[in-house]
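Have a look at the structure below before the remarks.
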Amino acid sequence: MIEYWNPQVERLPADELRVMQEQKLKNIIKYVYQHSPFYRTKFDNAGVKPEDIKTLDDVTKLPFTYKQDLRDTYPTGMFCVPNESLVRFHVSSGTTGKPTVVGYTANDVNEWTKSLARALTSIGLGRGDVLQVSYGYGLFTGGLGLHYGAEEIGSSVLPTSAGNTERQLELMQDLGTTSIACTPSYFLFLNEVAKKETINFQKDTNLRVGILGAEPWSEEMRKRIEDSTGIKAYDVFGTSELSGPLFTECLYQDGIHIWADQFLVEVIDTDTGEPVPEGERGELVITTLSKEALPLIRYKIGDTTVLNTEPCQCGRTHPRIMRILGRVDDMLVVRGINVFPGQVESVLMNIPEVGEHFMIIVDRVNEMDSMNVQIEVTDEVFSDKINDMISLEKKVASALKSVLNLSVKVELVEHGSLPRTVGKSKKVIDKRKL
Ligand code: ZN
(Lines give C-alpha, C1' and ligand atoms only; values in the text may rest on other atoms or scores of the structure.)
Protein backbone atom coordinates (compact mmCIF):
# COMPACT_ATOMS: atom_id res chain seq x y z
CA MET A 1 0.00 0.00 0.00
CA ILE A 2 1.58 3.27 -1.13
CA GLU A 3 0.94 6.25 1.12
CA TYR A 4 1.10 9.88 0.02
CA TRP A 5 1.36 13.01 2.14
CA ASN A 6 -0.33 15.15 -0.50
CA PRO A 7 -1.76 12.73 -3.08
CA GLN A 8 -3.36 15.47 -5.16
CA VAL A 9 -0.08 17.32 -5.80
CA GLU A 10 2.24 14.31 -5.76
CA ARG A 11 0.23 12.56 -8.51
CA LEU A 12 -0.69 15.65 -10.53
CA PRO A 13 -0.59 14.81 -14.26
CA ALA A 14 2.66 15.97 -15.86
CA ASP A 15 0.99 18.59 -18.09
CA GLU A 16 -0.77 20.19 -15.13
CA LEU A 17 2.46 20.14 -13.17
CA ARG A 18 4.13 21.95 -16.03
CA VAL A 19 1.48 24.66 -16.10
CA MET A 20 1.90 25.10 -12.35
CA GLN A 21 5.69 25.32 -12.67
CA GLU A 22 5.46 27.85 -15.49
CA GLN A 23 3.26 30.17 -13.45
CA LYS A 24 5.46 29.83 -10.39
CA LEU A 25 8.60 30.47 -12.42
CA LYS A 26 7.18 33.68 -13.85
CA ASN A 27 6.15 34.79 -10.36
CA ILE A 28 9.49 34.09 -8.72
CA ILE A 29 11.43 35.88 -11.47
CA LYS A 30 9.25 38.98 -11.05
CA TYR A 31 9.63 38.66 -7.28
CA VAL A 32 13.44 38.50 -7.21
CA TYR A 33 13.72 41.29 -9.78
CA GLN A 34 11.60 43.50 -7.51
CA HIS A 35 13.06 42.52 -4.16
CA SER A 36 16.72 41.73 -4.73
CA PRO A 37 19.16 44.34 -6.05
CA PHE A 38 21.56 41.42 -6.56
CA TYR A 39 19.27 39.67 -9.05
CA ARG A 40 18.13 42.90 -10.70
CA THR A 41 21.74 43.76 -11.51
CA LYS A 42 22.48 40.20 -12.61
CA PHE A 43 19.47 40.08 -14.96
CA ASP A 44 20.16 43.60 -16.30
CA ASN A 45 23.75 42.64 -17.06
CA ALA A 46 22.52 39.56 -18.92
CA GLY A 47 20.00 41.71 -20.81
CA VAL A 48 16.98 39.76 -19.58
CA LYS A 49 13.77 41.18 -18.09
CA PRO A 50 11.05 39.31 -16.15
CA GLU A 51 8.68 39.82 -19.14
CA ASP A 52 11.04 37.70 -21.28
CA ILE A 53 10.17 34.62 -19.22
CA LYS A 54 6.95 33.34 -20.79
CA THR A 55 7.40 29.56 -20.80
CA LEU A 56 9.47 27.03 -18.85
CA ASP A 57 11.95 26.78 -21.70
CA ASP A 58 12.73 30.47 -21.29
CA VAL A 59 14.54 29.60 -18.06
CA THR A 60 17.69 29.11 -20.15
CA LYS A 61 17.73 32.86 -20.85
CA LEU A 62 18.50 33.49 -17.19
CA PRO A 63 22.03 33.65 -15.82
CA PHE A 64 23.31 31.02 -13.37
CA THR A 65 23.78 31.65 -9.66
CA TYR A 66 26.82 30.26 -7.88
CA LYS A 67 27.83 29.45 -4.31
CA GLN A 68 30.45 32.16 -4.74
CA ASP A 69 27.61 34.71 -5.14
CA LEU A 70 26.44 33.82 -1.63
CA ARG A 71 29.95 34.25 -0.29
CA ASP A 72 30.47 37.54 -2.11
CA THR A 73 27.24 38.96 -0.66
CA TYR A 74 27.92 37.62 2.87
CA PRO A 75 26.03 37.68 5.13
CA THR A 76 22.58 38.60 3.77
CA GLY A 77 23.17 40.55 0.56
CA MET A 78 21.05 38.22 -1.60
CA PHE A 79 18.04 38.11 0.73
CA CYS A 80 14.71 39.32 -0.68
CA VAL A 81 13.14 40.19 2.69
CA PRO A 82 14.23 42.42 5.56
CA ASN A 83 15.77 40.63 8.54
CA GLU A 84 12.70 41.21 10.70
CA SER A 85 10.72 38.89 8.37
CA LEU A 86 13.04 35.98 9.14
CA VAL A 87 12.36 33.28 11.71
CA ARG A 88 15.62 31.32 11.35
CA PHE A 89 19.20 31.35 10.11
CA HIS A 90 21.43 28.43 9.20
CA VAL A 91 25.07 28.82 8.35
CA SER A 92 27.13 26.35 6.36
CA SER A 93 30.75 25.92 7.25
CA GLY A 94 33.02 27.28 4.59
CA THR A 95 35.99 25.02 3.97
CA THR A 96 37.31 27.78 1.76
CA GLY A 97 36.59 31.43 2.43
CA LYS A 98 33.44 32.85 3.98
CA PRO A 99 30.59 30.62 5.15
CA THR A 100 27.17 30.94 3.52
CA VAL A 101 24.19 32.20 5.46
CA VAL A 102 20.66 31.01 4.70
CA GLY A 103 17.62 32.86 6.06
CA TYR A 104 14.07 31.49 6.34
CA THR A 105 10.69 33.17 6.63
CA ALA A 106 7.98 31.24 8.50
CA ASN A 107 6.67 30.16 5.12
CA ASP A 108 10.11 28.94 4.03
CA VAL A 109 10.33 26.68 7.08
CA ASN A 110 6.83 25.51 6.29
CA GLU A 111 7.64 24.63 2.67
CA TRP A 112 10.82 22.84 3.78
CA THR A 113 8.81 20.82 6.30
CA LYS A 114 6.21 19.96 3.63
CA SER A 115 8.90 18.72 1.27
CA LEU A 116 10.28 16.33 3.89
CA ALA A 117 6.81 15.29 5.05
CA ARG A 118 6.15 14.05 1.52
CA ALA A 119 9.57 12.39 1.30
CA LEU A 120 9.36 10.61 4.66
CA THR A 121 5.84 9.40 3.84
CA SER A 122 7.15 8.09 0.51
CA ILE A 123 9.53 5.71 2.33
CA GLY A 124 6.74 4.41 4.51
CA LEU A 125 7.20 6.43 7.69
CA GLY A 126 4.27 7.87 9.62
CA ARG A 127 2.48 7.69 12.94
CA GLY A 128 3.98 5.11 15.27
CA ASP A 129 7.47 5.49 13.84
CA VAL A 130 10.35 6.73 15.94
CA LEU A 131 12.95 8.63 13.92
CA GLN A 132 16.34 8.91 15.57
CA VAL A 133 17.90 12.04 14.11
CA SER A 134 21.64 11.50 14.39
CA TYR A 135 22.51 14.36 12.07
CA GLY A 136 24.04 17.34 13.81
CA TYR A 137 21.63 19.91 15.21
CA GLY A 138 22.56 23.57 15.16
CA LEU A 139 23.85 25.68 12.33
CA PHE A 140 23.95 22.57 10.13
CA THR A 141 20.52 21.98 8.53
CA GLY A 142 20.46 18.17 8.77
CA GLY A 143 19.14 17.78 12.31
CA LEU A 144 16.39 20.38 12.44
CA GLY A 145 15.27 19.66 8.87
CA LEU A 146 14.49 15.99 9.44
CA HIS A 147 13.16 16.83 12.89
CA TYR A 148 10.40 19.12 11.58
CA GLY A 149 9.53 16.82 8.69
CA ALA A 150 9.11 13.79 10.95
CA GLU A 151 6.98 15.64 13.50
CA GLU A 152 4.77 16.92 10.69
CA ILE A 153 3.81 13.37 9.67
CA GLY A 154 3.17 12.32 13.26
CA SER A 155 6.32 10.28 13.85
CA SER A 156 8.10 10.75 17.15
CA VAL A 157 11.54 12.24 16.95
CA LEU A 158 14.48 11.15 19.05
CA PRO A 159 16.85 14.09 18.60
CA THR A 160 20.11 12.41 19.57
CA SER A 161 22.19 14.57 17.22
CA ALA A 162 25.60 13.19 16.23
CA GLY A 163 28.06 11.39 18.50
CA ASN A 164 27.92 9.46 21.80
CA THR A 165 27.44 6.19 19.99
CA GLU A 166 26.88 3.88 22.99
CA ARG A 167 24.06 6.14 24.16
CA GLN A 168 22.58 6.18 20.64
CA LEU A 169 22.40 2.39 20.71
CA GLU A 170 20.97 2.27 24.20
CA LEU A 171 18.20 4.77 23.38
CA MET A 172 17.54 3.02 20.09
CA GLN A 173 16.70 -0.14 21.99
CA ASP A 174 14.90 1.48 24.92
CA LEU A 175 12.66 3.80 22.89
CA GLY A 176 12.01 1.56 19.90
CA THR A 177 13.69 3.55 17.14
CA THR A 178 12.29 2.39 13.78
CA SER A 179 14.32 4.70 11.54
CA ILE A 180 17.54 6.62 11.72
CA ALA A 181 18.86 9.64 9.82
CA CYS A 182 22.65 10.06 9.61
CA THR A 183 25.57 9.93 7.21
CA PRO A 184 26.28 6.50 5.69
CA SER A 185 29.71 6.51 7.31
CA TYR A 186 28.23 7.15 10.73
CA PHE A 187 25.73 4.37 10.22
CA LEU A 188 28.60 2.00 9.44
CA PHE A 189 30.35 3.09 12.59
CA LEU A 190 27.19 2.60 14.63
CA ASN A 191 26.94 -0.87 13.16
CA GLU A 192 30.51 -1.67 14.20
CA VAL A 193 29.92 -0.54 17.76
CA ALA A 194 26.64 -2.46 17.84
CA LYS A 195 28.47 -5.63 16.78
CA LYS A 196 31.04 -5.15 19.53
CA GLU A 197 28.24 -4.88 22.06
CA THR A 198 26.59 -7.89 20.44
CA ILE A 199 23.52 -5.86 19.50
CA ASN A 200 21.82 -7.27 16.44
CA PHE A 201 19.69 -4.61 14.71
CA GLN A 202 17.29 -7.29 13.46
CA LYS A 203 16.82 -9.10 16.75
CA ASP A 204 17.42 -6.46 19.37
CA THR A 205 15.93 -3.31 17.84
CA ASN A 206 12.94 -2.17 15.76
CA LEU A 207 15.21 -0.42 13.28
CA ARG A 208 14.10 -0.99 9.68
CA VAL A 209 14.85 2.24 7.77
CA GLY A 210 17.95 4.39 7.31
CA ILE A 211 17.78 7.85 5.77
CA LEU A 212 21.37 8.26 4.75
CA GLY A 213 23.09 11.18 3.07
CA ALA A 214 25.04 14.44 3.45
CA GLU A 215 27.94 12.71 1.73
CA PRO A 216 28.11 10.78 -1.54
CA TRP A 217 27.67 7.01 -1.30
CA SER A 218 27.33 4.33 -3.91
CA GLU A 219 24.73 1.75 -4.85
CA GLU A 220 27.24 -0.93 -3.87
CA MET A 221 27.57 0.61 -0.41
CA ARG A 222 23.78 0.51 -0.08
CA LYS A 223 23.82 -3.20 -0.83
CA ARG A 224 26.49 -3.75 1.81
CA ILE A 225 24.55 -1.80 4.42
CA GLU A 226 21.24 -3.50 3.65
CA ASP A 227 22.75 -7.00 3.55
CA SER A 228 24.73 -6.63 6.75
CA THR A 229 22.10 -4.88 8.89
CA GLY A 230 18.74 -5.90 7.42
CA ILE A 231 17.50 -2.30 7.15
CA LYS A 232 16.29 -0.55 3.99
CA ALA A 233 18.65 2.35 3.24
CA TYR A 234 17.30 5.40 1.41
CA ASP A 235 19.28 8.21 -0.12
CA VAL A 236 18.41 11.75 1.00
CA PHE A 237 19.33 14.88 -0.90
CA GLY A 238 19.37 18.60 -0.35
CA THR A 239 21.78 21.33 0.51
CA SER A 240 21.66 24.16 3.02
CA GLU A 241 21.39 26.85 0.34
CA LEU A 242 18.12 25.25 -0.87
CA SER A 243 16.94 24.98 2.79
CA GLY A 244 18.58 21.72 3.89
CA PRO A 245 17.73 18.05 3.35
CA LEU A 246 14.58 18.11 1.18
CA PHE A 247 14.13 14.98 -0.90
CA THR A 248 14.53 11.22 -0.61
CA GLU A 249 14.05 8.21 -2.79
CA CYS A 250 10.66 6.53 -2.58
CA LEU A 251 10.09 2.87 -1.68
CA TYR A 252 11.29 1.85 -5.15
CA GLN A 253 14.81 3.23 -4.53
CA ASP A 254 15.11 4.30 -8.14
CA GLY A 255 15.98 7.99 -8.02
CA ILE A 256 15.18 10.88 -5.73
CA HIS A 257 11.88 12.68 -6.32
CA ILE A 258 12.29 16.45 -6.64
CA TRP A 259 8.99 18.22 -5.89
CA ALA A 260 8.28 20.11 -9.07
CA ASP A 261 5.78 22.51 -7.50
CA GLN A 262 8.63 23.78 -5.30
CA PHE A 263 11.73 23.36 -7.45
CA LEU A 264 12.62 23.42 -11.14
CA VAL A 265 15.47 21.05 -12.06
CA GLU A 266 17.72 21.22 -15.08
CA VAL A 267 20.63 18.93 -15.92
CA ILE A 268 23.12 20.69 -18.16
CA ASP A 269 26.41 20.22 -19.94
CA THR A 270 28.94 22.12 -17.79
CA ASP A 271 30.97 23.24 -20.79
CA THR A 272 28.18 24.49 -23.06
CA GLY A 273 25.51 25.37 -20.47
CA GLU A 274 22.94 23.56 -22.66
CA PRO A 275 20.61 20.86 -21.30
CA VAL A 276 21.92 17.31 -21.81
CA PRO A 277 19.55 14.74 -23.35
CA GLU A 278 17.49 12.96 -20.70
CA GLY A 279 19.32 9.94 -19.35
CA GLU A 280 22.77 11.47 -19.73
CA ARG A 281 24.88 12.66 -16.84
CA GLY A 282 25.24 16.40 -16.44
CA GLU A 283 25.45 19.16 -13.90
CA LEU A 284 22.46 19.77 -11.65
CA VAL A 285 20.91 23.25 -11.74
CA ILE A 286 17.98 24.12 -9.46
CA THR A 287 15.59 27.08 -9.33
CA THR A 288 13.54 27.51 -6.17
CA LEU A 289 9.88 28.24 -6.98
CA SER A 290 8.49 28.97 -3.54
CA LYS A 291 11.25 30.38 -1.34
CA GLU A 292 10.75 33.90 0.00
CA ALA A 293 13.86 34.89 1.94
CA LEU A 294 16.55 33.48 -0.30
CA PRO A 295 15.22 32.33 -3.65
CA LEU A 296 17.89 30.90 -5.91
CA ILE A 297 17.61 31.19 -9.67
CA ARG A 298 19.42 28.55 -11.77
CA TYR A 299 21.63 27.67 -8.84
CA LYS A 300 24.64 25.53 -9.72
CA ILE A 301 24.97 23.20 -6.78
CA GLY A 302 28.07 21.54 -8.16
CA ASP A 303 26.60 18.01 -8.25
CA THR A 304 26.45 15.81 -11.30
CA THR A 305 23.42 13.60 -11.89
CA VAL A 306 21.01 12.12 -14.43
CA LEU A 307 17.42 13.37 -14.85
CA ASN A 308 14.51 10.95 -15.16
CA THR A 309 11.03 12.29 -15.96
CA GLU A 310 9.49 8.86 -16.62
CA PRO A 311 6.52 8.09 -14.36
CA CYS A 312 7.62 6.25 -11.20
CA GLN A 313 6.08 2.97 -10.04
CA CYS A 314 5.02 4.73 -6.86
CA GLY A 315 2.55 6.85 -8.84
CA ARG A 316 4.32 10.15 -8.23
CA THR A 317 4.66 12.30 -11.33
CA HIS A 318 7.50 14.49 -10.06
CA PRO A 319 10.88 14.11 -11.77
CA ARG A 320 13.68 12.06 -10.25
CA ILE A 321 17.40 12.61 -10.16
CA MET A 322 19.69 9.62 -10.01
CA ARG A 323 22.14 9.03 -7.17
CA ILE A 324 24.72 11.79 -6.81
CA LEU A 325 28.16 10.23 -7.08
CA GLY A 326 30.03 13.32 -6.10
CA ARG A 327 30.29 17.04 -6.35
CA VAL A 328 32.16 18.59 -9.20
CA ASP A 329 34.44 19.95 -6.44
CA ASP A 330 35.19 16.43 -5.14
CA MET A 331 36.55 15.29 -8.46
CA LEU A 332 40.25 14.50 -8.37
CA VAL A 333 42.42 14.93 -11.40
CA VAL A 334 45.21 12.39 -11.21
CA ARG A 335 47.67 12.29 -14.09
CA GLY A 336 45.07 14.05 -16.19
CA ILE A 337 42.35 11.50 -15.44
CA ASN A 338 39.13 12.48 -13.65
CA VAL A 339 38.42 10.35 -10.59
CA PHE A 340 35.37 10.57 -8.32
CA PRO A 341 35.79 9.02 -4.86
CA GLY A 342 32.36 7.45 -5.46
CA GLN A 343 33.78 5.42 -8.35
CA VAL A 344 36.46 4.02 -6.07
CA GLU A 345 33.83 3.13 -3.48
CA SER A 346 31.71 1.33 -6.10
CA VAL A 347 34.66 -0.83 -7.13
CA LEU A 348 35.74 -1.65 -3.58
CA MET A 349 32.27 -2.57 -2.34
CA ASN A 350 32.02 -5.21 -5.04
CA ILE A 351 34.97 -7.08 -3.52
CA PRO A 352 33.73 -9.16 -0.58
CA GLU A 353 37.04 -9.28 1.35
CA VAL A 354 37.18 -5.50 1.46
CA GLY A 355 35.69 -3.69 4.47
CA GLU A 356 33.60 -0.53 4.31
CA HIS A 357 36.37 1.91 5.23
CA PHE A 358 38.97 3.25 2.85
CA MET A 359 41.12 6.30 2.29
CA ILE A 360 42.43 7.77 -0.95
CA ILE A 361 45.78 9.52 -0.72
CA VAL A 362 46.95 11.56 -3.68
CA ASP A 363 50.45 12.96 -3.78
CA ARG A 364 53.01 14.30 -6.23
CA VAL A 365 56.43 12.71 -6.18
CA ASN A 366 59.10 13.81 -8.67
CA GLU A 367 56.53 15.85 -10.65
CA MET A 368 54.38 12.75 -11.03
CA ASP A 369 50.93 12.24 -9.46
CA SER A 370 50.45 9.12 -7.38
CA MET A 371 47.28 7.64 -5.96
CA ASN A 372 47.30 5.25 -3.03
CA VAL A 373 44.23 3.56 -1.65
CA GLN A 374 44.34 2.27 1.91
CA ILE A 375 41.69 -0.33 2.51
CA GLU A 376 40.53 -1.95 5.70
CA VAL A 377 40.06 -5.66 5.39
CA THR A 378 38.18 -8.04 7.62
CA ASP A 379 40.08 -9.67 10.49
CA GLU A 380 40.03 -13.03 8.72
CA VAL A 381 41.73 -11.55 5.68
CA PHE A 382 44.27 -9.51 7.62
CA SER A 383 46.44 -12.45 8.48
CA ASP A 384 50.11 -13.12 8.32
CA LYS A 385 49.69 -15.08 5.13
CA ILE A 386 51.64 -12.55 3.14
CA ASN A 387 50.91 -14.25 -0.16
CA ASP A 388 47.15 -13.97 0.32
CA MET A 389 47.48 -10.30 1.16
CA ILE A 390 49.59 -9.59 -1.88
CA SER A 391 47.19 -11.40 -4.16
CA LEU A 392 44.25 -9.44 -2.75
CA GLU A 393 46.13 -6.17 -3.22
CA LYS A 394 46.72 -7.13 -6.83
CA LYS A 395 43.09 -8.08 -7.33
CA VAL A 396 41.88 -4.72 -5.97
CA ALA A 397 44.45 -2.73 -7.95
CA SER A 398 43.44 -4.44 -11.15
CA ALA A 399 39.70 -3.89 -10.49
CA LEU A 400 40.40 -0.19 -9.87
CA LYS A 401 42.54 0.09 -12.98
CA SER A 402 39.84 -1.38 -15.19
CA VAL A 403 37.30 1.23 -14.03
CA LEU A 404 39.47 4.30 -13.48
CA ASN A 405 41.97 3.62 -16.25
CA LEU A 406 44.65 4.55 -13.76
CA SER A 407 47.32 2.57 -11.91
CA VAL A 408 46.71 2.76 -8.19
CA LYS A 409 48.82 1.49 -5.30
CA VAL A 410 46.69 -0.55 -2.92
CA GLU A 411 47.59 -1.05 0.72
CA LEU A 412 45.59 -3.34 2.99
CA VAL A 413 45.30 -2.18 6.57
CA GLU A 414 43.90 -3.74 9.71
CA HIS A 415 40.21 -3.41 10.55
CA GLY A 416 39.65 -0.32 12.72
CA SER A 417 42.86 1.46 11.76
CA LEU A 418 41.34 4.22 9.59
CA PRO A 419 39.66 7.17 11.32
CA ARG A 420 35.90 6.99 12.09
CA THR A 421 33.67 10.02 12.14
CA VAL A 422 30.29 11.07 13.49
CA GLY A 423 29.60 13.44 10.60
CA LYS A 424 30.75 13.67 7.03
CA SER A 425 33.64 11.32 6.47
CA LYS A 426 36.87 12.36 4.88
CA LYS A 427 37.83 9.78 2.29
CA VAL A 428 40.45 11.76 0.39
CA ILE A 429 43.74 13.32 1.41
CA ASP A 430 45.19 15.35 -1.43
CA LYS A 431 48.74 16.11 -0.35
CA ARG A 432 49.30 18.15 -3.50
CA LYS A 433 47.09 20.83 -1.98
CA LEU A 434 48.61 20.82 1.54
ZN1 ZN B 1 8.67 7.00 -6.78
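Note on the range 288-305: among residues that are part of a strand (DSSP E or B) and closer than 24 Å to V101 by Cβ, the one that is nearest to the ligand (Cβ to nearest atom) is D303. Scan the range 306-341 for residues that are assigned to a strand (DSSP E or B) and within 16 Å of the ligand (Cβ to nearest atom) and the total you get is 5.
The residues in the range 236-258 that are open to solvent by 10 Å² or more (accessible area, probe 1.4 Å) and charged (D, E, K, R) can be counted, and the count is 1. Of Y39, Y74, Y33, all but one fail to be more than 30 Å from C314 (Cα to Cα), of a type outside the set (D, E), open to solvent by less than 60 Å² (accessible area, probe 1.4 Å) and free of Cβ contacts under 8 Å to residues at least 60 places away in the same chain; the exception is Y33.
Filtered by the rule that a residue be farther than 21 Å from R18 by Cβ and either within 16 Å of the ligand (Cβ to nearest atom) or assigned to a strand (DSSP E or B) (or both), the range 251-287 gives L251, Y252, Q253, D254, R281, E283. Evaluate the range 99-114: report whether one residue or more is closer than 30 Å to T205 by Cα, modelled with pLDDT of 95 or more, crowded, with 16+ Cβ neighbours inside 10 Å and not hydrophobic (A, V, I, L, M, F, W, C). Yes: the range 99-114 contains one or more residues that are closer than 30 Å to T205 by Cα, modelled with pLDDT of 95 or more, crowded, with 16+ Cβ neighbours inside 10 Å and not hydrophobic (A, V, I, L, M, F, W, C).
Taken across the range 186-203, residues that are more than 16 Å from the ligand (Cβ to nearest atom), touching a strand residue (DSSP E or B) at 6+ places or on another chain (Cβ under 7 Å) and open to solvent by less than 50 Å² (accessible area, probe 1.4 Å) do occur, with at least one present.
The sole residue among S134, S161 that is surrounded by fewer than 21 Cβ atoms within 10 Å (Cβ to Cβ) and hydroxyl-bearing (S, T, Y) is S161.
The values are calculated or read from the model by the stated rules, or taken from the named source; none is laboratory data. These figures come from a predicted structure and were not determined experimentally. So basically every Cβ, Gly included, is an ideal-geometry build from the backbone, and we count neighbours across all protein chains shown. Accessible surface is based on the protein model in full, side chains and every heavy atom, while ligands, DNA and RNA are left aside. Shrake-Rupley method; radii C 1.70, N 1.55, O 1.52, S 1.80 Å.
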